[in-house]
1. Go through A:ILE409, A:ILE366 for me and flag whichever is of a type in the set (Val, Ile, Thr) and open to solvent by less than 40 Å² (accessible area, probe 1.4 Å).
2. Can you tell me which residues in the stretch B:189-210 are modelled with pLDDT under 90 and open to solvent by less than 40 Å² (accessible area, probe 1.4 Å)?
3. If you go through the stretch A:412-439 one residue at a time, how many are more than 7 Å from every other protein chain (Cβ to nearest Cβ) and either out of contact with any helix residue (DSSP H, G or I) (no Cβ under 9 Å at 6 or more places or on another chain) or crowded, with 24+ Cβ neighbours inside 10 Å (or both)?
4. Can you run down the residue pairs with Cβ atoms below 9 Å, 6 or more apart or on separate chains, where the first is in the stretch A:441-452 and in contact (Cβ under 8 Å) with a residue 12 or more places away in the chain and the partner is among the basic types (Lys, Arg) and surrounded by 18 or more Cβ atoms within 10 Å (Cβ to Cβ)?
5. Is the stretch A:304-320 home to any residue that is within 15 Å of the chain's Cα centre (by Cα) and farther than 28 Å from A:LEU435 by Cβ?
6. Can you name the number of the only condition in (1) buried (at least 19 other Cβ atoms within 10 Å of the Cβ); (2) at pLDDT 85 or above that B:GLY110 fails?
7. From B:SER105, B:SER88, B:SER119, B:SER133, which residue is open to solvent by 20 Å² or more (accessible area, probe 1.4 Å) and without any contact (Cβ under 8 Å) to a residue 60 or more places away in the chain?
8. Within the stretch B:179-188, count every residue that is without any contact (Cβ under 8 Å) to a residue 24 or more places away in the chain and either open to solvent by 30 Å² or more (accessible area, probe 1.4 Å) or within 7 Å of chain A (Cβ to nearest Cβ) (or both).
Amino acid sequence: MDFTPVIEGFEVLLQPENLLFCLIGVVAGMAIGVLPGLGPAATIAILLPLTYSMDPIPSIIMLAGIFYGGIYGGTVTAVLLKLPGETASAITALEGYPLAQKGQGGKALGVGAVASFIGGTVSIVVLTLVAPVIAGFALEFGPPEYTALTLLGILLVATIGNGSKLKALAGAALGLLLATVGRDAFTGELRYTAGNLELTDGLQFVPIAMGVFGLAEILYNLERRRKSTSMPVATDRVLPSKATMKESAAPIGRGGVLGFLLGLLPGGGATVSAMASYGIEKRLNKGSTPFGKGAIQGVAGPETANNAAATASFIPLLTLGIPANATMAVMFSALLIQGITPGPQLVATDPDLFWSVINSMYLGNIVLLILAIPLIGVFVRILYVRSSILSPIIVLIVCIGAYTISNRIFEVMVVIVFGVLGYLMKKYGFDPAPLVLAFVLGSLLEDNFRRSLLMFDGDVTRITGHPIAMTLLGLFLLVVLIPILLKLAKARRPDLVGADQTTAGAGAKVPASVAAGTGTGPDTSASPDGDPQDHPPKGSEEAPDEGSGPGGPSRP
Amino acid sequence: MMAPTENKNAPATGGYDRSGDHSHGPDAARSSAGRSPNGPEPEGAAPGAAGTVAADGTGESSDAPASDPDAAPGAGRATNLVCGAVISLVGAGAFAVALDLGLGSLSRPGPGTWPAIVSLMLLVVGLLIAARSAHFTDSERITKDAVGVAAGVITLTVAVQLMPLVGFELPSVALLVFWMSVLGQEKLRLSVPIAVLTVAVVHLTFVHGLAVPVPRLF
């Protein structure tokens, strides 16, 4: 393969002004990502307007910075407040928070930064090598293949996501329906606009993401924060010592491999890979500190795994044009705004842009590592600012940002409506990620579905002539059937399936147990004072005794 | 060819959509949005939940672990039943509109084909949620603290609506002060300077730095 474009891309990247944009991105991403409850998807959505008026290359570079900064911001809150920004960093809290309580939060954050860097970089290197190959392969994809792939992607997000699968499916269906609002691309007919002219072009993605991720979180905290205020635990020095790094090296190595492999799965395996890495490290642990009491290996492994997986999920986005999770969905729309359509054609038609996307990830990762260590102290300060002051400021930024999307108030109102919807969804146990992802993929799915029907002249059995599409549909069925079969098997022989941890069923169940693990697990609830600010471990009083929860979606 | 079709169908579609808007909204978003600002006891979901939860202790005990005093109390079966019902209604309403748009056929899919499939899925999933409502333990009750949420949403909406009329600066300052001092119980001598400073920074960043045409006074 020809590496000239890769190297040329770096020359552009290393210009001082581009470095500066990356720096601004990382700092802004960390500043917003460090706010409790705001995960990477919310962070990117909130900061997107910053990049609107910029040229594509600096804006991509800044986005990469925001992406890594936002992810790391979630790690900071997971360790210091036990408030992970996303499910994947909930695993980091399992060991990171006990460390912070012992006054060693800095150690956890430092190792976390190194682990994130290594995990992310390993993934980008592989991405650099693999992406063009997959993209070449994907050029052969036609409408039936895309239909099957998109269906599989939505299903995976719905089943790997938080909480109830039925509720996730409801969210996904609503997202698909919302995507049909506006003018029909085939017939030009208006659908679900209720005569509203502003809906003619359909709903936009960014205000929806800002609403259900950003504003909804703030509204949710508005109801909770009267009861308690939490203060982060003081931290020690962040730069990890030699001994610490020695302890962490092996977990980082294992976490990187695991994270990349699981991260390749569409559906974004960040949480699953962090869980798996935690489980493995716990089994292998021979260190002085038992797991649950602040074992650094339990931070190093999962952090590496989750970053490797987060980066690996760029592969389906850049090569197939299919975002694998909510964060990628936001990145997808961010790239679209810059006039970059992620997909198999990108490498061929615009290699410069393609490589600058990938190279800016190297840059974002490095800048994060170099910046994170000295700046952690500053970001920890943000945690001391009361949310009663921070939340209104973020709300204002979100509103102005939403206005800048099309320079009209309508988008701001969309943010508010979806903020309220997201708040209600959060209250009633609906994960917003499937809705957002299904909304993004909705028009792609419908287009390809209709094209396939036209292609087959209505005879759906002709899909059997498309082996790739058939394979994907087979996988789709597997994802649907495995949890059901496991549940049946568990009902008959609970002794057999109870120990199963690596199956799809366990993967689907994982986040619920993660929530339990961060909240009331026997490991972490050892502290007598409890956790006033902890997210409610919804509906689960039992904690995972292993890294991953017991298989089977049913709860006793 | 396309234009006449559109014209012919436009009035019918428009009419249907408008009527549809009340029953299901273009989306659940609107209908649920209408629900929440009414206050902490929205019609439907929450009173039912609040009412039943006390009686229906089954879901409760496992929902709010004692170790987490800040956890919102769990909602009972009624809440999930209403959730499922609302989802099904949205699905049913959307399906009605899809029928009106024209289902087409498998060989010639129309504008309503895909929405019909999706809304049927919504309908079925909603029914399943309602049927399994007793088994969910992941909903929270809307507590009386949600007054703050409602007040937040209403003030935000008012401020946003005022922005095109009087510029974004004054509504923003008022909004920030309200959120900080009324909702967040911060002292005025803290919230007013922060609000003014924030708006000044936003003004500088967006209006001057990024040259975004935000409606403004200055």
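The values are calculated or read from the model by the stated rules, or taken from the named source; none is laboratory data. Treat the numbers as computed from the prediction; the structure is a model and nothing was measured. Every residue, glycine as well, gets a Cβ built from its backbone with ideal geometry; the counts of neighbours run over all protein chains shown. Heads up: the accessible areas ignore ligands, DNA and RNA and are worked out on the full protein's heavy atoms, side chains in. Shrake-Rupley method; radii C 1.70, N 1.55, O 1.52, S 1.80 Å.
1. Selected residue: A:ILE409, the only one of A:ILE409, A:ILE366 that is of a type in the set (Val, Ile, Thr) and open to solvent by less than 40 Å² (accessible area, probe 1.4 Å).
2. Residues satisfying the conditions are B:VAL202, B:HIS203, B:PHE206, B:VAL207, B:LEU210.
3. Here is the first cut: in the stretch A:412-439, the ones more than 7 Å from every other protein chain (Cβ to nearest Cβ) are A:414-415, A:419, A:422, A:425-426, A:430-439.
Next cut, either out of contact with any helix residue (DSSP H, G or I) (no Cβ under 9 Å at 6 or more places or on another chain) or crowded, with 24+ Cβ neighbours inside 10 Å (or both) only: A:415, A:419, A:422, A:425, A:430-439.
The number of residues fulfilling the criteria is 14.
4. Taking only residues 6 or more apart or on different chains, not a single pair turns up.
5. Looking through the stretch A:304-320, at least one residue is within 15 Å of the chain's Cα centre (by Cα) and farther than 28 Å from A:LEU435 by Cβ.
6. (2)
7. Matching residue, one of B:SER105, B:SER88, B:SER119, B:SER133: B:SER105.
8. Restricting attention to the stretch B:179-188, the residues satisfying the condition of being without any contact (Cβ under 8 Å) to a residue 24 or more places away in the chain are B:180-181, B:184-188.
With either open to solvent by 30 Å² or more (accessible area, probe 1.4 Å) or within 7 Å of chain A (Cβ to nearest Cβ) (or both) added as a condition, the list becomes B:180, B:184-188.
Here the count works out to 6.
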